[in-house]
Structure formats: structure tokens, C-alpha cells
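The values are calculated or read from the model by the stated rules, or taken from the named source; none is laboratory data. Just so you know, these numbers come straight off a predicted model, no measurement behind them. Cβ placement follows ideal geometry from the backbone for every residue including glycine, while neighbour counts extend to all protein chains displayed.
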6 protein chains.
Amino acid sequence: MPNPAPAETITLRTDTLTRLARASTATVATLLFKRGYQNAFVQGVAPLGTGRQTMVGPAYTLRHIPARPDTDPITAFRERDHPQRVAVEQCPEGAVLVMDCRQDASAASAGTILLTRLQIRGAAGVVSDGGIRDATGATALDMPVFAAKASAPTNLTKHHAIDIGLPIACGGVAVYPGDIMLGDGDGVMVIPRHLADEIAEESVEMEAFEAFVLEEVLRGVPVIGLYPPTEPDTLERFANHKAQRGSKAD
Amino acid sequence: MPNPAPAETITLRTDTLTRLARASTATVATLLFKRGYQNAFVQGVAPLGTGRQTMVGPAYTLRHIPARPDTDPITAFRERDHPQRVAVEQCPEGAVLVMDCRQDASAASAGTILLTRLQIRGAAGVVSDGGIRDATGATALDMPVFAAKASAPTNLTKHHAIDIGLPIACGGVAVYPGDIMLGDGDGVMVIPRHLADEIAEESVEMEAFEAFVLEEVLRGVPVIGLYPPTEPDTLERFANHKAQRGSKAD
Amino acid sequence: MPNPAPAETITLRTDTLTRLARASTATVATLLFKRGYQNAFVQGVAPLGTGRQTMVGPAYTLRHIPARPDTDPITAFRERDHPQRVAVEQCPEGAVLVMDCRQDASAASAGTILLTRLQIRGAAGVVSDGGIRDATGATALDMPVFAAKASAPTNLTKHHAIDIGLPIACGGVAVYPGDIMLGDGDGVMVIPRHLADEIAEESVEMEAFEAFVLEEVLRGVPVIGLYPPTEPDTLERFANHKAQRGSKAD
Amino acid sequence: MPNPAPAETITLRTDTLTRLARASTATVATLLFKRGYQNAFVQGVAPLGTGRQTMVGPAYTLRHIPARPDTDPITAFRERDHPQRVAVEQCPEGAVLVMDCRQDASAASAGTILLTRLQIRGAAGVVSDGGIRDATGATALDMPVFAAKASAPTNLTKHHAIDIGLPIACGGVAVYPGDIMLGDGDGVMVIPRHLADEIAEESVEMEAFEAFVLEEVLRGVPVIGLYPPTEPDTLERFANHKAQRGSKAD
Amino acid sequence: MPNPAPAETITLRTDTLTRLARASTATVATLLFKRGYQNAFVQGVAPLGTGRQTMVGPAYTLRHIPARPDTDPITAFRERDHPQRVAVEQCPEGAVLVMDCRQDASAASAGTILLTRLQIRGAAGVVSDGGIRDATGATALDMPVFAAKASAPTNLTKHHAIDIGLPIACGGVAVYPGDIMLGDGDGVMVIPRHLADEIAEESVEMEAFEAFVLEEVLRGVPVIGLYPPTEPDTLERFANHKAQRGSKAD
Amino acid sequence: MPNPAPAETITLRTDTLTRLARASTATVATLLFKRGYQNAFVQGVAPLGTGRQTMVGPAYTLRHIPARPDTDPITAFRERDHPQRVAVEQCPEGAVLVMDCRQDASAASAGTILLTRLQIRGAAGVVSDGGIRDATGATALDMPVFAAKASAPTNLTKHHAIDIGLPIACGGVAVYPGDIMLGDGDGVMVIPRHLADEIAEESVEMEAFEAFVLEEVLRGVPVIGLYPPTEPDTLERFANHKAQRGSKAD
């Protein structure tokens, strides 16, 4: 079956995550579009709060199916192997906990206490296409959290955590464990792991070019011929711009 | 974790499926409601065609996540272990193939050829919360098929078959392998396997009572006092009614 | 408050319902549009079954609000004053039972037994923006039933019947008790009671004209100038057409 | 009919509202879930503005049905008994005005002027599953307002205020007059009046425990064994924690 | 701008439409998917009625924008240049009238009279992502009609016909005038005109193969190795199958 | 055809835009409602950011249809006549760029670079019923931007810019070139150009009255009799209020 190679077989370059952390999701969306990936933006989620929104890290997945009275009594969390609690305690440092809630935010998928534990354990962030409860507390965290909305009901109301580490859907996008999750003010992009190195590399030049274009626009240059650079001298000016910035970039 | 016991550990009484085949989904919905199961009706699916719609059998599950260019090229089906094809060839006789398509019917989850193969292999039916292509052919089958709607695009457009035999969501309901799927003109109910025997048993009396009530209503009896039977003589008349039918029932 | 006058204060002409029974919902929609009524079509409902679909009669209303565990136990129907059962037993002969289910068809609002009782009691039809359970039985009735779809779960799952005879919403339209409900293959229109006489009267001529236009079109006349009749001789031909039919109309 | 007892027959303990004002909607959602109330969160509404969001008080209900040209001319508000205006002038001090707009926010249900009047009259807050116009002004009020979104069109465009003081639906939840509405940053919970005392009482301990857990998490304690407190010494530490805080709590 | 070449510059092979008329939308969807066209199925429309559903022909487009009181009075149709009436009188013989109603079926886009006129004028069919009024009459036509649903309100209620012959959206898909519309029981595919010849050609072989596969499946052959034909002897058997049918195909 | 007169034939009074800039969308919605315009609020868009939100200017329209692989390759923007780029360079000073994205915000319709160019060129604002990418940058602009939400994917993913200067739909409302777009914290109203002068004129008095009413409410006056001013002395007090403000108004 043409599934992606397992994450552990795909080593990333050491600078890939750093480079991606300087890229916007818009840039990455364009680079993925070029490669035929048209459905890589997690639909329906936004950053909670207005604090730090830049998030980058490999996906650590938690899947939910609909709750049922026999599987989701209020005592469910007393089980030491409840997948939600296990995920919170085992999500690797630097990873992003990605939760599949079938885009149903009528109940929560986590709250401030679990999110705080994840932050302390060094998670890079959380993405859920369900709700977040006690969201005011969550927005005060330093760790970025992307979710559909605030939602007070406990996850037991709607979501039964069923397994960890499987490929899932989140916001209408396939997420394989180890895929790179990139978040900013626009939302979250899923970068297939085997493409992360080349996307990261291309993003450096592309971000530099976008910064140059914005400067040009701010000084009054029209966008036709500039963006994309179909006028020959645009690329020349960009070369100068880069030369001037020199060591600053990357 | 409070998951249901595995299907293989829950043996059904020999008459359970036969009894359920004579029960309506409406009756089963009420019996499940009594036990606190309020979310057991597969939302958004209907029988294709107007032929045989009564379906009963244990769930055999196939899960899809969103498609991606690397995992879903047109050549994907050439792989002998493609889960969709494997599911069609391994779904046990008498079982119902239940497919999780995240309630997205903008593409198909199967077509006439695969459905015909399932019928020939003795499947009891198919339930999908995605689309069915070549649906005119599918409606002509003897095997009941419940789906969201006809949809021409190949599943590769939207759905990547990822695994078989795991608990899934279908139409907003949890389906564990081995749960009993019951379908009729109203749609499909999911009966948790550990409740199937007792639901089947109770359904016999309840269907008999509903038949009695319908007869009473047809001869002009008001529903208050009759349905439910709060008038003392209603139960008496029902006893007579059953006595008369005698051996016919169950 | 500018509410409509109570139904009992608005007497209908004796031929109004008969005339409306010969009008299509499309014709009535146009006549209401002329008077500024742009939101009079019950959205999201269709006739169950393919039998008789022509329905006309004054609205008798039943309102539901969301269910709650304390108000909707399985024993709820044992109460003799349960509004759903009372509505079924008190809906006047010739009236249409109209149910407000907040356009939520994930559960039923009635089933075959209650619908059969309504038919026997002489109701003119049923309109629900919720579901109908045991719908195969319902489609076999002679009384027209318009609903969102078949849905097996008991109404207790989602809908608490709360009162009878109040103004309600159904399919996004205001329905005041006594408003005239007209149904056919297109669905259901709500005619404000104070307009019913004049709508009925105008519909006679309009239906006659539509029949004439269809004949003209079938013999090859272009629609421009014919429909609407901006060519002077169109009205002349229509006059002849009517003269020929003579006593047949109305 | 199994309706809740009338509000006036259910007296609340004097400290119930004060206690609830210190509880989060998430805590209350869990306490209601324990009692089988799975649908008590008003879906689709959020606090307007970022100011005070804590709201608690008994529900005072206003119901709307769809507007119609005869019932909703621009002059409608000139009637002294227009239910919206009456509601604004009669909503009791300390009560929450709850409006049923059928989850349709394409038009407003109130604006800054009426909301200001409610604040001056001492209302505890407003909940609407419709829109709010002139929302910038509304966000500056001290009184919390929960609604679907800002929406400029006058309510006459879509909503006809029809009655006051009846049980309604709001955001998909049943609201009976006198039920306790609790709002915070997550949204709004509806507490059935007959449960308010016991929910309030339990919330004191639960909030104390959540505060203790958050402290523990912040100092590095894993959540398994802590939350819920399945490790024996967790409860011991909690006892110490409470002893230390002593008189501070409640 | 990379728009498609105008329809009049792309001549079709004489057998293209005949071949497509024998192809299913499912087959064409797969052939388009192979070429990267993943969004070519008109979402949300279905054939009205159960009669002839096979439709093929070039698109003739009519665009609507939302109605307004000044542009859509009841007298609007009296104008001889009203685009809807003009479209009905000028749609070329053999063409398919495709209407953009912004996927809003709360009002109609046409009714039986106009559809009958189109049939008489030789149109190949009609596709609308809005409603159809007087739909019972429409289902009795010989000309296939694909629409969202029956809907009684006149188009003036919601849709203002604004122009003819421009590229439009229909059911979420781009339709350029002259694109080939193919309809059957599954719905409608849009074939970009410049691909029609090659899609038609490939469809002949593919339909033949699908027919062969169905026969094989009916005689008990498993789908793995057969569909797609990865077993070497599958293609051999298919060659024999075709040889036997000989002149029957194409 | 009853289309509006072309924008160039309708000259506005010189003070119309200034007056509208002081009016709220709520006020304008009421004034349009009075004239029968019930669908003039752009549904589903909100101001990006919390900065300046007051926007007024004539509409300059850009229409999109769904993207296709042949029309929307990544190189599409290299064409000097790409309508999106042309629109950005030709949108007149003081005009509002209004984009029809079929209410699909799963991809962007513009990003910070193009929006900055528009600001520099003197556009009065932007309205899109699609997404905005790089939205954090966009929220920092001085020019108001109203859109459905932040969305990282390039417009090529979903939207093909097809033409400029035609009547379009935006957020479910008809927008003719030259119609006056008014935006504030509630969202955006579309004022038909031929009504702009009289709406502007009436808004002056109405805003003055609303300001007076708010003052009255703040000092404790009940709304009944005040708003609308059915008490005779309300108008008297308003006259005094205006006399006192004197030259301040308009």
C-alpha cells in the first residue's frame, strides 16, 4: 500500500525545523501547492489567544471516535492507560500533539491543566479540530495551541480517545506521525515528513524574496513585474537587496 | 482504558441475528435509548434503491483518512495490500462492511464492481458515510447498501483507505468491530455487541406490541392509554392478541 | 404588538380550500411573492413516499424544545397530557399537524402509529422539520406527510414536546395556528390565513393561464411574449382557450 | 407531562449564585455530565469583547419566530407591548435575558441601546443565539453579552419577538425560565434550576481541587495519578493544600 | 491570463459525444483524475425523476447573483431581454443549459414550462445548483434535468439572472461555455472541452474493461489482480472477452 | 432587463461619502430595510484586526470561479493580465475592492503584499468572502480589510480570478460596481448606488437620534416611548438636545 515511509526512517536535516520556524504558513502552502499538495491546511482551527503563535514540530497523534455510555463514564480518566492522559505524558519533547476530533468542537479535547502539563514537558504545541475548555487559561500559555474554539463540555461528552500514533485526519487533512506541523497567525500547515527538508530550504529564499517585495511595495513599486519577478530588473534589485542584508539572512 | 471487550470474547445467542432481522431500527433505537445510548443511529445515510433494505450483521470496519498526492496516485489500487481491496476480499460472510469516510460524500467509497464482489462473497451489507459511485448498478444488487449519496469521483480523490478492523466513526457514531449493524428503510443502528442478545430478546415483545397497537389504531382506538399501554385493559387485549397469534410470533 | 389576528376571527370562504387544493405550491409562492412574502416555503422538507402529495388545511401547531434527561425519560409518554400524544388526539379534522423540531432531523418527531391515528382522525396531513421513524410505514399512508427525512431515534432523544397551538417556526418559516398549509411534490407553502381567500381566488386564473401556456409551449410557441403574456395576442389566445374549456374550469 | 417544576417553586440557597460565580463553565459541565446532562452548553455563542465575562443569574426568556411582512414592518417597535422592548424593561434585576433566535445570526437580536438599558436596569447579562448589532458599543459594556456574532441588520429582518417567559431553545439547549445561566470565557452553561444548589456546592470542592492540580502540574507532577487523584498520596497532598489555604476558600 | 481557449476554437471529433454518451460519470471521473482534475463533479445535484438520466452536450451558461428589490420585481420577466428567458430561447440544440445559483436551492431556477420549452427546442439537458419548481412536471420530461432539489419559490426570490455565456461556477466546479457536461444516475461531470476527445476515446476501452470485470466478478473472480488487472492473465482474458464481443463494442 | 443603471450615470452628492463614514452599518441596515432591502449585509465577513474599521467607498469588483489545473498552475501570476494583479493595480483611489470567492475561505483571496499595494494606491478598503493569507500582516494595515478568516493556502488552490467590473455576489449579497460599501465593527453593508444620497442624508438625523437615545438611556430613561419616540415629549427633548449640540452635528 502506498503509505508514507515511517517517520523513524526519515531523518531531517538539523536546520530544517529552525528554517521552518522562520517561514510563514502562507509560504509553505505555496511550496506544497507547487508539488501538488492542495489539501495541507488544517481547516477550521485558529490560534487561541494573541500571544506566541509560531509553532513547529513533528506530529504526535491522538485519535478520538464518538463517545458511548459504556466507554466514556465520568470515571474513564481513572484508568492509567487512558489514551488522552498517556498522550499528554508521552508526547515527545519538541513534538506537536495533534488530535483528531472529527471537526466536532461541541465538546472539548483538552483543557488548561493538560495543556500546562504538555508545556512543562516541552511539547512544541497542540493542534485539535475539536474544542478547548478553560480556554482563557490556555491562551495564557507560552506554548501555542490551535483549536476550533473554546468549548466547556468535557471530552467524554463527545470524544472517546482510542489510540495514539496512527495516521489521522485533523481539520480535513491527513496527518501521519512525524509529519511537520507548522503554525502561525493564519493557522496550521501539515508538511509531509519526506518533503520537510526541501520545503525548509526553499522557504529561506522565498521568505527573503517576500520581504524584499514588501519593501518594494512600501516604496511604491507596482506588483506586476515584481511579484512574481517577471521584470528582468526585479531579480537584479533582489540580488542587491540580498547582498546588502548579507549575513543577516539564514 | 474502558474500551468494549473484543468481539471475539462476546458470543451471541444463535437466534439473536434472526430476531434482530425482524426488528425495526426504530424499535432498536428505543431499546438502546432506554439503556442510555442516545447516539447510535448512523446520521446522514440512507438505503440506495428501493429493493431489500433489511440488513443485519456484525461490523467489519475500514477506515479512511484524507487523500494525499503521494499516497493516492491512480496506481494505488495496483498494490495487492490496498486496504479497500483487501477489505472487500476478507470481509467475513454475513458481516457488514462499515466504512469511515468522515461524512464526506464528495467522492465515492466504493462502486458497483466492489459491491457486487461483496455480495458474491456473502457480505450482509455495506454502510458508508461517504459516496457510492456507479450507484445505479449498486441499487440493483440484492445486498443492501447504505450510503450518503451517489458520487462519481473515485475514492482516491478524497479518501485514503488506511486500516481494517479498528474502531471507527461512521455517520457520527462509534462502530467497534463486531458491533451489530441493523439497517432498514429508516437507516442504520449500531448495536453494541455486548447488548445485542438482550436487545434482540426485548425486540420480539416490542415488535409484537407495536403490531398490536397498529391494529388497534386501525380499528379506531385512541393512542392515549394504548401507546404506551397505561390503560389496564390495553395489556389485557394485547395478551389476547398474542394468544390468538400464538405460534406465529418468534 | 403587530401579530396576526387570531385564526378564529378570520373566516375563510367556503371554496378557498378546494381552490387551493387545485393550485400548485409554485403558483402560490408567486402570489405570495407579489405581496412581499418572500419566506413562506418550508425549507428542507419533502413528501415521504410517492403517493398522494396534495395537502391543504389549516395549521395545528406543536412545538418542541431540546430534550433533557429530567423531562424526557423513556416513561415520558406514560403521561396522559404529553403534548405530542394530546396533539395527535386533538388535531381537528381537516387540519394539518405542523411540528417545530428546530430543523433537527437527527431524531424522529413521529412514527407510523401516530401518523396512522392522525389519518384515521381525519387530519389533512403532517409537516415536520424533524425526522419520521418507521418511515416505510408512513409512506404507505393515504394522508400526505412532509418531513426532513427518515430517522429511527425516538423523539425523546432530541425533542421535548412543550406546547400546542402557539405560533412556531417550521423549516425557517413562521407558522401561526390557522395559517393554510399547502403541500405538493415541491414541498409546503405557508399561506397567512388573512390572505388565503384572495390567494385562492387568484390561483384559479393563474393555474388556468399556466395550463394554457404549457399547451402553447408544447405546440412550439416561444416563451418570450407568452410567459408573461407581453404579446397582445397571447391574452387573446388565452381568452379563446378559456372559452373553449368553458365550464371545466373552477 | 414531565416538565420541570416552575421556577418560583424552587428556592435557591443564598450562597448558590455566589458559589457559581466562582466556578468555571468547564467545572459545571463536568458536574452536569455526571448527572446525565450531556447537552447543557449553549453551542455557537461566545462573549462579545474581552472585558468581564463572568455571568451568573436566572434565565428570563424571550422567544422569536421568523419575521413576516405583516408582523414585522419598520413600525413594529412603536407598539408599547412589543415583546422585545417589554423584555428589556421587565427583565428582573440580576436575571439573564436569554433569546431564542433559532441559531440564525444573519440578523441582530439586540443592539447597544437596549443592552445599555438592560445594564442600567441591573440585568446580570444577555445570551442570544442570534446576532448583536452595534457590537462595538456592546463590547464596551460592563454587563457580559454572549452572542453568535456581530450582525448589522435589524431583528425585524429575520426575527419576530413572539413571547416572554416560556421554555425556549438557545444554542441547541433547552432553557426553562429560572434555570441558572453561567457564562465565562468558554461560553455559557445552562444549569437546571433544581440542580443549582448541589452543583454550586460541589463546584467549590472541585474548583479547589483544580487549583491544587494546576499548582502541582506547574511544579512538575505528571497528570496520571494526579488528575483524577488515583494515587493515594494525591488526596493527602490536596488535604494539606486545603489546610494551608484554610479560610481563603469559600 | 491562463484561461481555456474559447470553445469555438476547439473542434470535437464527430464521435466524441456519442462515445461519452456510453460512458459513465464514474469512468470519466477516473480519467480526469488521472490528468490532475480532482474537482470536476458537480456537487449537490442529482437527476430529477427516475426516467432517462444520460445527458451529454456542451455547456451553455447562465449566471445568477442574489436578487434585489429593484432588480427583481414580479414584473421582471416582462422584459424581453431577461437573461433567463433569453437563455431558454437561445440555448443551442444539443447544448446543456448550466445555471449558477451559488448552490442556493431555497428558491427555484426554472420550472416545468421553461424546461418543456428547452426540450422542444432540442436542448440536451439542464444542470442547476439551485432548485426546480413544479418539479413533478419536470420529472416527466424526456430531457434530463439535474438540480439540487424541488423548490417552489420563484427565482426572483433569491436569484437575479445577470449574464449568459460567461464562465461560471456550478456545484463548486468551474464550467466554461463549451465544456462537455456528462450526466447519469451518479450526477454530472464537467469535461474541459480540450480534453473531451481524448477522454471519450479512453472511455471506450475503460467501459469495455469495466463490463468485463463485472462479468468476471459475477462468475466469482476476486478483485485483487483483476481490478486493476495486475494478474498477467487478466489482460489475456480481457483480450479474449473483447475478441468474442467483436464488432459489438464501439 | 431591470438591472441598475450603470455607476457612471449616477453622480453622488459631494457629502454623501462623508456622511456615510459617520453612520453605522446598523443605521444603514435599518434605512435600507425601510426601503425593502432585506439582504444587504455581507454575511460571514468581519474586520481583520482591531484597528481602523470604518470603511466607505464605491465597489470595484473582482470575480472568481473554482480553480482548475489548466487555468491555475503556480505560474499563473506570471501573466501580466492576471485579473487579480490587474485589479490591485487598477482599483481606483477611494474605491473598495470587493471579491467574490463563493463564500469559500478554505483558501486565500489575497495576502499582505497585495493589500499593502492597495493601501499605497489609496484604496478605501477590501471586502472578500474568501480568506486572507499572511493575515497578521494584513491586520497591521491602516486600510480596513473585511474577510471570512485567515487562510494560508494560495488562491490558486481554490479560486480562479476570471473578470473585473461585473456585478458579483459577495457574502450572499449582490454587489454592482459603484455600489457604496460601508464597513464598521459589525461588518459590511452594500448600499445600492442610486440610494446612497438619500440614505446618507437620512443617516445624519438617525445617528443624531441614536446618540440622543443613548444619552437618555444612560441617565435612566426607559426605552418604551423613547425608542422609537412614541412619547410626545421624547421628540421635544430630542429637539432641545440637537439645539444644544448645534453646530457640532454634520
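Structure values in brief
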read-out	value
The range A:100-123 residues that are farther than 13 Å from A:LYS149 by Cβ, paired with ones that are part of a loop (DSSP other than H, G, I, E, B) and among the basic types (Lys, Arg) (beta carbon under 7 Å, 6 or more apart)	A:ARG102/B:ARG102
Residues that are within 21 Å of C:ARG121 (Cα to Cα), polar (S, T, N, Q) and surrounded by fewer than 20 Cβ atoms within 10 Å (Cβ to Cβ), drawn from the range C:54-82	C:THR54
Of all residues making up the range B:95-110, the number that are aliphatic (A, V, I, L, M) and more than 10 Å from chain E (Cβ to nearest Cβ)	6
Meets criteria (at pLDDT below 95 and among the hydrophobic types (A, V, I, L, M, F, W, C)) for D:ALA123	no
Subset of the range B:105-127 (residues that are under 16 Å from the mean Cα position of the chain (by Cα) and on the phi < 0 side of the Ramachandran plot)	B:LEU115, B:LEU118, B:GLN119, B:ALA123, B:ALA124, B:VAL126, B:VAL127
Subset of the range D:125-146 (residues that are of a type in the set (Val, Ile, Thr) and touching a residue at least 40 places away in the same chain (Cβ under 8 Å))	D:VAL127, D:ILE132, D:THR139, D:VAL145
Neighbours by Cβ (under 8 Å, 6+ apart or cross-chain): first from the range A:220-241, within 13 Å of chain F (Cβ to nearest Cβ); second basic (Lys, Arg) and part of a loop (DSSP other than H, G, I, E, B)	A:ILE224/F:ARG80; A:GLY225/F:ARG80; A:THR230/F:ARG80
Every residue from the range D:20-41 that is over 21 Å from A:ALA110 (Cβ atoms) and more than 7 Å from every other protein chain (Cβ to nearest Cβ)	D:LEU20, D:ALA21, D:ARG22, D:ARG35
Positions within the range C:137-152 being within 12 Å of chain B (Cβ to nearest Cβ), surrounded by fewer than 24 Cβ atoms within 10 Å (Cβ to Cβ) and closer than 14 Å to C:THR112 by Cβ, in sequence order	C:GLY137, C:THR139, C:ALA140, C:LEU141
Hits in the range A:83-114 - residues which are out of contact with any Lys or Arg (no Cβ under 9 Å at 6 or more places or on another chain) and crowded, with 18+ Cβ neighbours inside 10 Å	A:GLN84, A:ARG85, A:ALA87, A:ALA95, A:VAL96, A:LEU97, A:VAL98, A:ILE113
Restricting the range A:128-140 to residues that are of a type outside the set (S, T, N, Q), in a helix (DSSP H, G or I) and under 19 Å from the mean Cα position of the chain (by Cα), the residue that is farthest from D:GLN38 (Cα to Cα)	A:ALA138
Qualifying residue in the range B:3-22 (condition: acidic (Asp, Glu), buried (at least 16 other Cβ atoms within 10 Å of the Cβ), out of contact with any strand residue (DSSP E or B) (no Cβ under 9 Å at 6 or more places or on another chain) and modelled with pLDDT of 95 or more)	no
Any hit, the range D:172-195, residues being within 22 Å of the chain's Cα centre (by Cα), within 14 Å of chain A (Cβ to nearest Cβ), farther than 30 Å from C:ASP104 by Cβ and outside any loop (DSSP other than H, G, I, E, B)	no
Residues within the range B:68-89 that are more than 7 Å from chain A (Cβ to nearest Cβ) and in contact with a strand residue (DSSP E or B) (Cβ under 9 Å, 6 or more places away or on another chain), tallied	6
In the range D:180-222, the residues that are among the β-branched types (Val, Ile, Thr), surrounded by fewer than 22 Cβ atoms within 10 Å (Cβ to Cβ) and under 30 Å from A:GLY122 (Cβ atoms)	D:VAL221
Residue within the range F:155-164 that is assigned to a loop (DSSP other than H, G, I, E, B), polar (S, T, N, Q) and in contact with a strand residue (DSSP E or B) (Cβ under 7 Å, 6 or more places away or on another chain) present	no
Scope the range D:52-74; condition farther than 30 Å from C:HIS159 by Cβ and touching a Pro at 6+ places or on another chain (Cβ under 8 Å); matching residues	D:ARG52, D:GLN53, D:THR54, D:PRO73
Enumeration of residues in the range D:120-154 that are out of contact with any strand residue (DSSP E or B) (no Cβ under 8 Å at 6 or more places or on another chain) and within 24 Å of F:ALA46 (Cβ to Cβ)	D:ALA140, D:LEU141, D:ASP142
Residue under evaluation B:LEU166, criteria (1) under 21 Å from B:ALA76 (Cβ atoms); (2) within 19 Å of the chain's Cα centre (by Cα); (3) buried (at least 24 other Cβ atoms within 10 Å of the Cβ), criterion not met	(3)
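Residues are listed down the side, and each one gets a yes or a no for (1) within 23 Å of B:LEU114 (Cα to Cα); (2) part of a helix (DSSP H, G or I); (3) more than 26 Å from the chain's Cα centre (by Cα):
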position: B:GLU202; (1), (2), (3): no, yes, no
position: B:GLU205; (1), (2), (3): no, yes, no
position: B:LEU226; (1), (2), (3): no, no, yes
position: B:ASP233; (1), (2), (3): no, yes, yes
position: B:ARG237; (1), (2), (3): no, yes, yes
position: B:ASN240; (1), (2), (3): no, yes, yes
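Here's the yes/no breakdown for (1) more than 25 Å from E:ILE191 (Cβ to Cβ); (2) charged (D, E, K, R); (3) at the interface with chain E (Cβ under 9 Å from one of its Cβ atoms):
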{"position": "B:CYS91", "(1), (2), (3)": "yes, no, no"}
{"position": "B:THR112", "(1), (2), (3)": "no, no, yes"}
{"position": "B:ARG121", "(1), (2), (3)": "yes, yes, yes"}
{"position": "B:ASP129", "(1), (2), (3)": "yes, yes, no"}
{"position": "B:THR154", "(1), (2), (3)": "no, no, yes"}
